[in-house]
Structures are given as C-alpha cells and as structure tokens.
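Contents: one structure, followed by commentary.
Since every read-out is calculated from the coordinates, none of them should be taken as a lab result. Quick caveat: nothing in here was measured; it's all calculated off a predicted structure. Here Cβ is always computed from backbone atoms with ideal geometry, including for glycine, and neighbour counts include all displayed protein chains.
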C-alpha cells in the first residue's frame, strides 16, 4: 500500500552533542499543562484531564507528575513527562545510591487496575488520565521504565508496576471499562514490571545502570527497560480514555519512575524534531546548520510513505542554502529520515532572511493537519574587540594585555602574535617607545577579528655604563662601578656577587676589594628598577718554569737554562753553585758545575710570585769496566776511555796421542792470554775437517780422533780465531805433526 501524506513541518537546527549532565526535573506545570504542552503530539485532541481522579487547575503543580529535560546523549529522550512513585526530582542523576527513596504521598492502593498487575500490596503512586480523540487509526508513544528496585529485588515481592490502560470503541480487555494495558512487552500481553523485566527475566529489554555507567550518571535509577513503544489500533474521530499509572508494591522504598518521550503521544502523524544550537529558530551563514528529523508512527513501518512539503520565504534556494530533497520517502522498515539545512556563507550584509516550511497531513479520518515553522538565517557577525593599551614605566617581560570580543558567537578564543593564547595574555617591552602585539579573536563558528594592543614604555631610569678594575692573582683587590641616570627620587643601589667578600647588598655605586666573578648591579628609584651585570676579571698569576740543556754530566759540566715562565716581569735566579742573577726578561742563563746542585727560579709580577726548581747531577767519569787495564773504581759514569790487553796464542806443532797412560801430550790445545773465546778447526791433508771446537774455561782440545777413531800419523792443518777484550780478534793458521809411538 502506498500512502501519500502531506506535512507541515516547523524546522530548526539540530546538532548532536555528547554531554555528561543529569536530567533536569521541573514540577512547575500542572498535569493539565503537562498533557497539553509536553505529552501530546500531532493528531490528538485531549480533554477531561485528571490527576489521581481529581481535576486540577492549570496552576497547580504536582511533585510526582513532572516534566524533564536532558542534554546527555547517552539517555534516549531529550525531554518528556515523568511519572514517579516518589517526587520526580528523585529521578535526576547522578547514580549515587542503590536504594534511593523519596516517600510518596499519593495512596493508589484502591486502584483495581494497578492491583491486578502488581501481584502484591499496592501502596503509593500516581495515575494521570484523560479523554482524547485520535485523527488516525493508531495511537502510540515511547517510554522507558526505571527503578532503584533493580537489580536487588528483581524478582521479589516488591514488584513495582505501572500500566497504560486504554479503553474506548473497539477495545476489549480485562481492566476497568474493558481497558487494555499498553505497557506490555512487544508482541505479548506480559506487563512491564520489576519482576517481568530485569537481569533474571526478559534481559533483552533490560539496561543495567549500576554506578550510572549506562547513562553517564544522567539518572538515579540502578536499572531501566530499553525504550519501548505503547501502541494500539483505534478508530479515528472516536473518543478514547487512557490512564497512565505507576505504583510502589510492598513498601514505599526504592523509587520507580516511567519516562514518556515529549510529543510522542500521537496518532498516525509524522513527527518532526526541531532544535537549534542557539535554542531558538535561527541559524548563521557559514556557522550553524540544521537537521530536520522526520519520524513516522510504528504502525506505518511496513509501507512506503512519501512526504511533500512547501517552502516560502526570502531566502533563495541555491543562493542562501543548498537544495533539499523534496519529496522525501520512507521505505518499508525505515522510521526516521534526516534532512540537513546548511545556510551558505555569501559574505553579503543582507539582514535576516527566512524560510517557512509547510507540510499537510491527511489523516485516515480525512482530516488535514497543517503545521509550519520558520527558520531565520543570519549574516556572519561583526565581531569587535575591546582591548587595553598599557603604558609601562619600567621594562618588563610580563605586562598584562586584555582583549574582550563581542558581536559574534561566544565563547571566543584568542591568539597573540607572540605565541600566547587566551585573555589576558602577557607581552614584553624592553626599549622606550611603543611595541605592538596583534590579537585575533575567533568565535565558536570560526569567525575572526584582528586588533592591536600597544604597550608603551616610558622609562627614564637607566644604567649608562659599568666598569671593572681587575683583581690581582694573590689578593681580592678588584673593584666594579656602575653609573645610572634618570632618577625619580633618591636611587638605591644594590650589588650582589660571588665569594665571601660579597655582601647580599651594598648601597653604593662602587663595590671594591673583590674576588673575580660576575657582579650584578641593581638601581631602584621611586617608580622603576633596572639592573645590569659585569664580569670582574683577574690578572693572571705568575708561572715560573725553566728547562736545562742537560741535567746531568761529568765535571766540569756546562748547562744553559731556558726561561719558560709566564705572566711575570721579574726573575730571580739561584744557580746552586754560589752564583745568582736578577733580571726582568726571559733571557737564557749559562753556568758551569763541578758538584751536584739545585737551581731555583722565582718569577714575580704585581706582588705575586711563583718558584720552580731543577736538580743538576755531577758525576766522576772514567773507565768503569773492571776488565780494562785502566779501570777506575771511583768512576760513576763510563766515559768510553777503557783500554784492554791484546790477546796472544801459542800453537803446538807436535801432537803425540799415543795412549801411554802418562797423559802427556794426549790432547791438542792452544795456549792463550787475554782471550774471551777460542775457536779452532783441524783439517787433514785432503782438506777434511777432523776436529772443530770453541769456548773458554774449558777451552777446546783435540784427542787425535775423528768420528771416534784414531786418525793416522801425519801433518795436519789448523785454523784459529781468538776473541779478546774491546772486540779484539786474533786470527791465524799453522801445521802440526801427529805422531804415535
């Protein structure tokens, strides 16, 4: 089935925002005003409004039939009607109690409908009822039931209950006047109560809110149902009666309440949500836009629904705002359509423009319901900045600058050319004259305005110059001085510096008898304070240093001393050999030594001195080798004068190794003097080596054998090498006769 329905829609801006506030409960309106102004939506006309059976005037407030508003996006309803067992204010968050109770004052124990679903002893509560005529064939509204009975008493005998009891033409049910209860689980006849919905039963319809986690502490109750819809078929144009009721069961403790969404009590009419950032009907070019939220009744979800609307006004589509879809179409199963209205920033000062949107709804009864709304489009604002322009009498790194913007959309942010943000900010000024800082104010829409804050320095006090007189290396005799001008009144001087000789302050322009380091000078007059600093240096200390050309040697020893001293003007020599010298330059000095001496140099300047020492060692020189013929036992240093004897050798020419037992002439050897080593080789007449040997103590000797066998008699050739002292070598050769008897 295709339904074409025309609607008038009042459209305003809707910008979703996440908030963590609590619901706000208001008990200022009477039940009559609550029904007419908050509960009812399109397609319903209500009469005969009563509260617990009594007719109330428009100015009578009741504490357990109230209204609420909500800015916390985690809770589904932004506003609506609240029915509670205790005072409505007890439903507001945060969730800081597991047993919150505000004892009710209304006794509803005599209500047979509540007693029939409570399954226990009904105590206090409230019921609100009225007659109404629907324009369509369906009536519906959205609700959430919550309680502090959750979760401890679900299920229990404390079965807090509520009901929406509808009676009228075509309605047949078990309650008074053949009414039916619309507060039932979807698709069932099971009443929504503490026992029927919780963490132990029908959990898919239960929302635990322990510690306020589910709803961001927006409500007090420890648990709620999900958002449910009360819906029933009706006959358009006929009169029906509904009773909205809630009660405590078993006691008056642990509050319960039912939230009904504002303007959701309607009859087959598309609902349109209208909100703006500003809270009124205005949007701003280039800043805010609007969402038009169309919601159709649940009984129409299976059909395709087409909505046409008309727009009139001096705002031009395509110039002042983009085209919007028209008509809009609900597809089967789709219950909400959102259209965005975003005014275009054209940078023209046109004054306020508007559009009026009109939608006509033709109901099942054949009635035409027309609604309309107007949106005003404002130009970008003209932001102005009110700023200060401070004058400073003293250079300062922290001079307060303020800027206050207006004319735009608060709040504002401020950025400054020196990198700071916010207002106030702080600027610096160091030299006389003006210095400018640029401030940019930005409102929440991003619109900006720039202005200048001028800081003017008008300072006369100044430190003109500073001087230092270096300290000596030996004593704290330095001084510093500062000169200032431009006083207002009598100046006060202050010096601060390092060291034990520096007081915390001294009221004088000269500070003396100082050690080296940084000194800080401050001058204060009646209006300003200035400061400067100076480094007090120190004359470098004398450093005595010299080096000898040679530090030891044989007597007599001539030594030249090279003066390497620094930072000195006078030099006093003590050469340690009875000679002294006083000079004022770095000239070298030469002396002769016959005995060990200690040489001293004193270098001085500006009353300070330093001393350096060098040892000169003198020794007796001669031959220190005991094997030399001129060995000197008193010599300490060998001067290379040692003399050594020449080696000699005697070569026997007859050798008789006859083995006669007298051991005379049984071996052949060389007789030498002054020899350190003897080497000789014996050859036979054919040039074969029959013996070779070397050494001393014992010296080599031949036994007349070769390879263990006696050689034959005959003439043999000998070649020798005698090594003596001081690398002397004696070489030669000869013959010998070997005879055997």
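For region 632-741, the relative contact order is 31 percent, taking Cα pairs closer than 8 Å that sit 6 or more residues apart in sequence and dividing their mean separation by the residue count. Across region 546-619, the mean sequence separation of Cα contacts (distance under 8 Å, 6 or more residues apart), normalised by length, yields a relative contact order of 36 percent. Treating r as the C-beta distance of residue 643 and residue 735 and R0 as 41 Å, the FRET efficiency rounds to 0.75.
Between residue 48 and residue 200, the contour length at 0.36 nm per residue exceeds the Cα-Cα span by 50.7 nm. Taking other C-beta atoms within 10 angstrom as a stand-in for reagent exposure, 334, 387 fall in the order 334, 387, fewest first.
Approximating the spin labels as points 7 Å out from Cα along Cα→Cβ, the residue 348-to-residue 331 distance works out to 3.9 nm. Two numbers describe the Cα atoms of the chain: Rg and Dmax, which are 60.9, 177 Å. Taking the average, over residues, of other Cβ atoms within 10 Å as the packing measure, peptides 218-227, 631-640, 510-519 rank 218-227, 510-519, 631-640 from highest down.
Think of it as helices only: each DSSP H run of n ≥ 4 in the chain is worth -39500 (n - 2.57), and spread over all residues that comes to 0 deg cm²/dmol at 222 nm. Compared with the direct C-alpha span, the chain from residue 683 to residue 301 gains 123.6 nm at full extension, assuming 0.36 nm per residue. Taken along the Cα-to-beta-carbon direction at a fixed 7 Å, the label points for residue 384 and residue 513 span 6.7 nm. Here the gap between residue 529 and residue 658, fully extended at 0.36 nm per residue and compared with their Cα-Cα distance, gives a gain of 33.8 nm. Per residue, the average separation of C-alpha pairs within less than 8 Å and at least 6 apart gives the chain a relative contact order of 9 percent.
Cβ-Cβ distance of residue 665 and residue 631, R₀ of 35 Å, FRET efficiency by 1/(1 + (r/R0)^6): the value works out to about 0.40.
Estimated from the Cβ-Cβ distance and a Förster radius of 30 angstrom, the FRET efficiency linking residue 450 and residue 26 is about 0.10.
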